[in-house]
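Below is one structure, written out as structure tokens, with a few remarks after it.
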Amino acid sequence: MALARRSSNLLKPLSTASSSSFLHRRPFSTDDTTTITVETSVPFTGHNCEPPSRSVDTTPKELMSFFTDMALMRRMEIAADSLYKSKLIRGFCHLYDGQEAVCIGMEAAITKKDCIITAYRDHCIFLGRGGTLLESFAELMGRQAGCSRGKGGSMHFYKKDACFFGGHGIVGAQVPLGCGLAFAQKYRKEDHVTFAMYGDGAANQGQLFEALNMAALWDLPAILVCENNHYGMGTAEWRAAKSPAYYKRGDYVPGLKVDGMDAFAVKQACKFAKEHALKNGPIILEMDTYRYHGHSMSDPGSTYRTRDEISGVRQERDPIERLRKLILAHDLATEKELKDIEKQARKEVDEAIAQAKESPMPDESELFTNVYRKGFGVESFGADRKELRATLP
Amino acid sequence: MASIFQGVGAATSLDTKKFQLSSLRSVTGRKASCVVMRSGGAKMDSGSNRISGRADQLVTNAVATKADTPAASTASKPGHELLLFEALREGLEEEMERDARVCVMGEDVGHYGGSYKVTKGLAEKYGDLRVLDTPIAENSFTGMGIGAAMTGLRPIIEGMNMGFLLLAFNQISNNCGMLHYTSGGQFKIPVVIRGPGGVGRQLGAEHSQRLESYFQSIPGIQMVACSTPYNAKGLMKAAIRSDNPVILFEHVLLYNLKERIPDEEYVLNLEEAEMVRPGEHVTILTYSRMRYHVMQAAKTLVNKGYDPEVIDIRSLKPFDLYTIGNSIKKTHRVLIVEECMRTGGIGASLTAAITENFHDYLDAPIMCLSSQDVPTPYAGTLEEWTVVQPPQIVAAVEQLCR
């Protein structure tokens, strides 16, 4: 991994990774002022656009927060795995471990007013948007404290105040919704963008191209992010797509191919994309990433790929390991401190699970709530509905 | 904004049927003013709208024609005369004026003015973004509308023909209907999905579909069908103001109906049925175009001595079982006349709902006249046979009342 150690304004003297004479240094530096320049693992590949530079500026605080957040996400997904196996989570559970860099990098480049919409692999993105562990686990277990009050489940996490629009089960259907979000942003003349995320499997859906056409036609600030983990459930990308270069699929719409296991590459790309979208309309980002688990909990994940491949990626490209090496190389924390962070993450997750387990199941009356929204002289009689008459606005 | 059309010589072919339901509502003390609401939200006074007389004023036809009525009736009445598509447009325009979040999207709604002229002139007035010409991509522009609604806009999605919305079924069912529920109430989807459907004049099988039955099971949506200019405008406004997703079914053959509607602003209740003609012997439940076939049959029935009560159910989901129930309690016989298919149609659901709730009040089994379960043929005579015709309605009532 080529890590350029060109640091400007470095407060601490340069040191090598093996140095242990700085034990008195405070780790966890909430140091916001030092700029560390990191180079992405591979250069960006552009389609119909000039790719951004490989050098990404970051601060120690950001590095540490990346690590902490990713460790938390990784732990959450693994905990969800064991909860599913102990039958506390039922139905479908699609885990995001391996792909954390995508959502972490994206969050670093945008604000909470930019909208994100994704498909069903949404737990970590929800966390990145500001969702709590309690809300996640409670929703996964179908409890009242969940973000959708237990009525959505794993595939329907939403957080309206953070502009996170979910959480959708039908493959590809969220992309036209995402273009609708971008349409509303343009309608209201807001300076924000929408990230509509989908997978390599969904990239073959027709509605994607329809939505892309409309977004390009009206210059909507929509950024289509293809999280290419190379497998559409059990089908490898080369077996499903004639042209697996998903960033080129937009044809007249520019595209960028990004190493999705490198959080800084993702951050750079998303920043670039946001600037582009606000000026010129839609752009496609293809995140080259990988998921360690199978497609969902019912998929072992090893029938269509070898265990060697999975462990190979884990060794060479794991996003958390990459960050760990970066942090150690820049002496921002020691090994032990990083392990402590991971332990802390584990503790937080365990606490959240315990708390979520205490949350009750939804009431029976919740079956009928939120089907309609009240308003405008609603009244009904007979067996159809049980609501009372509401007052006119 | 209300303009008065001088309808010299061209008379209304319909009576202004603004019925109060005061006689039926007195049972539970519901106010009659829930039918019509003035712009300020004030309750309507019962003076201006009266129940029209009965048999002597029925001169209806199945479709708008130039019938003869005394010329004096048009000039001196209050309100203004317009066609159904103009009424829809008026409702739409008033709502767009009132709320900047209301926008329209659909094929050819902007520069072309709408394939049935419902959005004519709106693009010039409100701009291309607010009256959006979409490419032919029903699935995604419906999805776009729903996504925009999630952020708070209030789009009206027009399907050029309801049949095309089959392509958008996934978006309507999964996203439109269910998002409010699966998000635990976080998002509301105040869209209106509207378009013409129904059997027209030899349009062919694919353009003569009745999708009410396909959509009726989707939880979370409301469906209404308009049939007169008066209720078209009122329902359009109500649908736009509603925070629920509403599917507004119009009919291809009813766009040129002419009626006199009030100048004042009014909004109708989405869940209410309309009493078209009170009666004693049999309750005929109908909606959309079949209302006119029923009224034509009613003329014949009255001459034969029957007194049918005709209710335009208007609200297809949920049913207004209050109005319907009161009517059944009075007449004890039900005939449902619809344009939907027989299998799994609106009539089928209505039959089930009535049987469940009002079985004790029925003196005879419920009869349901629906379209035949065939793709609509092109040939004119065959097409007539697909749809319920007035003689069949008369025969059914006679059988029911035997």
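The values are calculated or read from the model by the stated rules, or taken from the named source; none is laboratory data. Keep in mind it's a predicted model, so treat the numbers as computed, not measured. We place every Cβ from the backbone using ideal geometry, glycine too, and count neighbours over all the protein chains shown. In case anyone asks, the SASA skips ligands and DNA or RNA and just uses the protein heavy atoms, side chains included. Shrake-Rupley method; radii C 1.70, N 1.55, O 1.52, S 1.80 Å.
Report, as an integer, the average count of C-beta atoms from other chains found within 10 Å of each Cβ along B:132-142.
6
Report, for chain A, the % of DSSP beta bridges that are antiparallel, rounded to 5.
Antiparallel: roughly 35 percent of the beta bridges in chain A.
Could you name the aspartates and glutamates in cross-link range of A:LYS159, using Cα to Cα under 16 Å and dropping any fewer than eight places away on the same chain?
Output for A:LYS159: A:GLU107, A:ASP114, A:ASP122, A:GLU135, A:GLU139.
Which value at 222 nm does chain A reach when only helices count, each DSSP H run of 4 or more adding -39,500 (n - 2.57), with the total divided by all residues and rounded to the nearest 500 deg cm²/dmol?
That calculation yields -11500 deg cm²/dmol at 222 nm.
If you average over every viewing direction, what projected area does the convex hull of the Cα atoms of the stretch B:190-283 give, in nm²?
That works out to 8.0 nm².
Place the peptides B:349-356, A:84-91 in order of packing, highest mean first, counting for every residue the other Cβ atoms within 10 Å and averaging per peptide.
B:349-356, A:84-91
Where a ≥ b ≥ c are the square roots of the eigenvalues of the C-alpha gyration tensor, would you call the stretch B:288-356 rounded, which needs a/c under 1.5, or, failing that, prolate if a/b is larger than b/c, or oblate?
Oblate.
Largest first, please: the extent of the C-alpha atoms of the stretch A:271-326 along each principal axis, to the nearest Å.
Computed over the stretch A:271-326, the largest-to-smallest principal extents equal 44, 31, 16 Å.
Highest mean first, how do B:378-389, B:86-97 rank when packing is the count of other Cβ atoms within 10 Å averaged over residues?
Listed from highest to lowest mean packing, they are B:86-97, B:378-389.
Just the number please: accessible area per residue for chain A, 1.4 Å probe, all protein chains included, in Å².
42 Å²
Return the sequence-ordered ³J(HN,Hα) values of the stretch A:60-72 in whole Hz as given by the Karplus equation 6.51 cos²θ - 1.76 cosθ + 1.60 applied to θ = phi - 60°, using x for Gly and Pro.
Each residue of the stretch A:60-72 in turn: x, 4, 5, 4, 5, 5, 4, 4, 4, 5, 5, 4, 5 Hz.
Across all directions of projection, what mean area in square nanometres is found for the Cα convex hull of the stretch B:239-361?
One quarter of the hull surface, i.e. the mean projection, equals 9.1 nm².
For the stretch A:294-370, divide the Cα radius of gyration by the Kirkwood radius and give the resulting Rg/Rh value with two decimals.
1.18
Using modelled amide H (1.01 Å from N, peptide plane; none on Pro or chain starts), what sits under 5 Å from the amide H of B:ILE193, excluding residues fewer than 5 places away?
Under 5 Å from the amide H of B:ILE193: B:ILE157, B:VAL246, B:ILE247, B:LEU248.
Give the Rg (one decimal place) followed by the Dmax (whole number) of the stretch A:57-104, computed from C-alpha coordinates and expressed in Å.
When restricted to the Cα atoms of the stretch A:57-104, Rg and Dmax are 13.5, 44 Å.
On average, how many beta carbons from a partner chain sit within 10 Å of the beta carbon of a residue in A:152-165?
3
Give the dimensionless ratio obtained when the Cα radius of gyration of chain A is divided by 2.2 N^0.38 Å.
Compactness ratio reported: 1.04.
Straight-line reach from A:LYS85: which lysines have Cα under 24 Å away, leaving out those fewer than 8 places along the same chain?
A:LYS151, A:LYS343, A:LYS347, A:LYS357
If you take the square roots of the eigenvalues of the alpha-carbon gyration tensor of the stretch A:126-165 and sort them as a ≥ b ≥ c, do you get rounded (a/c under 1.5), prolate (a/b over b/c) or oblate?
prolate
Do any of A:LYS257/A:LYS279; A:LYS112/A:LYS242; A:LYS271/B:LYS125; B:LYS77/B:LYS299 go past 27 Å between their Cα atoms, and which?
A:LYS112/A:LYS242; A:LYS271/B:LYS125
Counting only other chains, what is the mean number of Cβ atoms within 10 angstrom of the Cβ of each residue in peptide A:223-232?
Mean partner-chain Cβ count within 10 Å for A:223-232: 0.
Looking at the stretch A:181-295 from every direction and averaging, what is the projected area of its Cα convex hull in nm²?
Mean orientational projected area (the stretch A:181-295, Cα hull): 6.9 nm².
Report, for the stretch B:242-323, the % of DSSP beta bridges that are antiparallel, rounded to 5.
Antiparallel bridges: around 40 percent, rounded to the nearest 5.
Could you state how much accessible area B:LYS125 has, in square angstrom rounded to the nearest 10, with a 1.4 Å probe and all protein chains kept in place?
Accessible area of B:LYS125: about 100 Å².
With just the Cα atoms of the stretch B:69-200, tell me how far they stretch along each of the three principal axes, in Å, largest first.
57, 32, 27
With every protein chain left in place and a probe of 1.4 Å, what is the accessible surface of A:LYS279, to the nearest 10 Å²?
Approximately 150 Å² for this residue.
When all protein chains stay in place, what accessible area (Å², nearest 10, 1.4 Å probe) is found for B:ARG210?
10 Å²
Can you classify the stretch A:144-245 as rounded, prolate or oblate using the Cα gyration tensor, where a ≥ b ≥ c are the square roots of its eigenvalues, rounded means a/c under 1.5, and otherwise it's prolate if a/b beats b/c and oblate if not?
oblate
Along the three principal axes, how long is the stretch B:143-223 when you take its alpha carbons, biggest first, rounded to the nearest angstrom?
Here the spans come out as 45, 23, 17 Å, largest first.
Just to check, using Stokes-Einstein with a Kirkwood Rh over alpha carbon pairs, what's the diffusion coefficient of the stretch A:34-145 at 10 °C and 1.306 mPa s in µm²/s?
Approximately 100 µm²/s, per Stokes-Einstein.
Determine, for each peptide in A:346-359, A:325-338, the mean count of other beta carbons within 10 angstrom over its residues, then list the peptides with the highest first.
Descending packing order for the listed peptides: A:325-338, A:346-359.
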